[in-house]
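Please read the structure below before turning to the comments.
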Amino acid sequence: MYRKIMGFLEAWKENEHRKPLILQGARQVGKTYSILEFGRIHYENVAYFNFETNPKLNETFEEKISPDYLIPILSHIAGQTIVKEKTLIVFDEVQLCERALTSLKYFCEDAPDYHIIVAGSLLGVAVNRAKFSFPVGKVDMKTLYPMDMEEFMLALGEKDLEDELVEQIKKCFETNRPMPSALHDAAMQLYRQYLVVGGMPECVMQFVQTGDYILIRHTQDTILTSYLNDMGKYNNLN
């Protein structure tokens with residue numbers, strides 16, 4: 001599915017003043033999918049590290065966080081050579097390892113040719129800062145939100161037809177004139193569907209594949225319950 005974040009990531013890659021990027025956002029909004037899809041298209045290989053599924057990674061960062069020390073070890077863990085400007089390094093669920101966040105400062109200062117994107121839940125990155133300093137001024141930051149109405153429209157139907165409808169809506173908004181009746185009705189139908197389905201990528205994908213509102217409601221409830229359970233991990237912090 002098309003996500004607008006891809007345009008931002010492409011500009012970040014080409015920026016000569018690029019810093020390690022922290023991609024924040026709530027769970028299930030598509031952070032990992034967007035990063036990996038971006039890496040697949042724009043890099044020769046992607047070195048992906050998940051601090052939730054591989055807790056041993058924390059031990060590596062506890063030992064030392066200089067890029068010269070980390071890169072050979074991370075290459076070994078990933079099973080592939082990490083090459084400057086050709087490999088996208090991805091740290092996922094980075095809120096679980098404060099030292100990994102701190103290491104971004106040294107990648108920025110000492111090894112800026114390595115392209116690094118880290119992803120973490122907004123809540124975790126914001127509050128899980130017990131011991132080590134945040135790399136202030138040494139990272140780029142972007143927040144990914146659920147799919148908006150435009151992304152929802154493009155995920156449905158024939159892309160060329162939805163592209164045309166999106167452009168018509170933009171033109172009418174910019175010129176402050178009403179849309180043709182038929183196009184207005186089509187847009188309103190899509191808007192009503194969006195109000196029910198929402199912008200969580202899993203729900204949108206299920207709607208595209210099945211059109212089953214009951215299934216989508218169940219998925220929404222599951223995501224909400226997961227959010228509440230995740231918040232419980234932080235309720236004992238001062």
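Note the angle between two axes, namely the Cα long axis of helix 5-14 and the longest principal axis of the Cα atoms of the chain, as a number of degrees from 0 to 90, rounded to the nearest 10. Roughly 40 degrees between the two axes. Under the classification rounded if a/c is under 1.5, otherwise prolate if a/b is larger than b/c and oblate if not, where does the stretch 42-124 fall, given a ≥ b ≥ c as square roots of the Cα gyration tensor eigenvalues? Cα axes put the stretch 42-124 in the rounded bin. The order of M147, M231, M205, M179 by accessible area, most exposed first and with a 1.4 Å probe, is M231, M205, M179, M147. In this label model, E174 and F134 are separated by 3.6 nm, measuring between points 7 Å along each Cα→Cβ vector.
Couplings 3J(HN,Hα) for the stretch 23-32, derived from phi with the Karplus relation 6.51 cos²θ - 1.76 cosθ + 1.60 (θ = phi - 60°), are 9, 8, x, 5, 5, 6, 8, x, 4, 5 Hz, where x marks Gly and Pro. Close amide H partners of D140, meaning residues 5 or more places away or on another chain with modelled amide H under 5 Å apart, are K19, L21, I22. Over all projection directions, the Cα-based convex hull of the stretch 1-144 averages an area of 7.9 nm². At an R0 of 35 angstrom, the distance between the Cβ atoms of L183 and Q220 translates into a FRET efficiency of 0.75. A full extension of the chain between I73 and L195 corresponds to an added length of 39.2 nm, given 0.36 nm per residue minus the alpha carbon distance. Pairs of Lys residues in the stretch 1-119, spaced 8 or more positions apart or belonging to different chains, with C-alpha separations under 20 angstrom: 13 in total.
On the basis of the beta-carbon distance and an R0 of 22 Å, Y145 and E14 show a calculated FRET efficiency of 0.40. In this simple spin-label model, placing a label point 7 Å from the Cα along the Cα-to-Cβ direction at both D163 and T32 gives a separation of 3.1 nm.
Find the Cα radius of gyration of the stretch 60-100, compare it with 2.2 N^0.38 Å by division, and give the number to two decimals.
1.16
Couplings 3J(HN,Hα) of the stretch 93-101, computed from phi: 6, 5, 5, 7, 9, 4, 5, 5, 5 Hz, in residue order, whole Hz [Karplus 6.51 cos²θ - 1.76 cosθ + 1.60, θ = phi - 60°; x for Gly and Pro]. Distance between the pseudo-spin-label points of M1 and K84 (7 Å out from Cα toward the beta carbon): 3.9 nm.
Let's test the formula: R0 of 22 Å, r as the Cβ-Cβ distance of D110 and R40. What FRET efficiency results, to the nearest 0.05?
Given R0 = 22 Å and the Cβ-Cβ separation, E is 0.20.
Taken one residue at a time, the phi angles of the stretch 211-224 give Karplus couplings (6.51, -1.76, 1.60, θ = phi - 60°) of x, 8, 5, 5, 4, 5, 4, 4, 5, 4, 5, 5, 5, 4 Hz. Gly and Pro are set to x. Amide H contacts of D92 (H built 1.01 Å from N, in plane; Pro and chain starts excluded): F49, N50, F51, A119 sit under 5 Å, all sequence-distant by 5 or more or on other chains.
The values are calculated or read from the model by the stated rules, or taken from the named source; none is laboratory data. These numbers were taken from a predicted model, which means no experiment stands behind them. Every residue, glycine as well, gets a Cβ built from its backbone with ideal geometry; the counts of neighbours run over all protein chains shown. Protein only, heavy atoms only, side chains kept; ligands, DNA and RNA dropped before computing areas. Shrake-Rupley method; radii C 1.70, N 1.55, O 1.52, S 1.80 Å.
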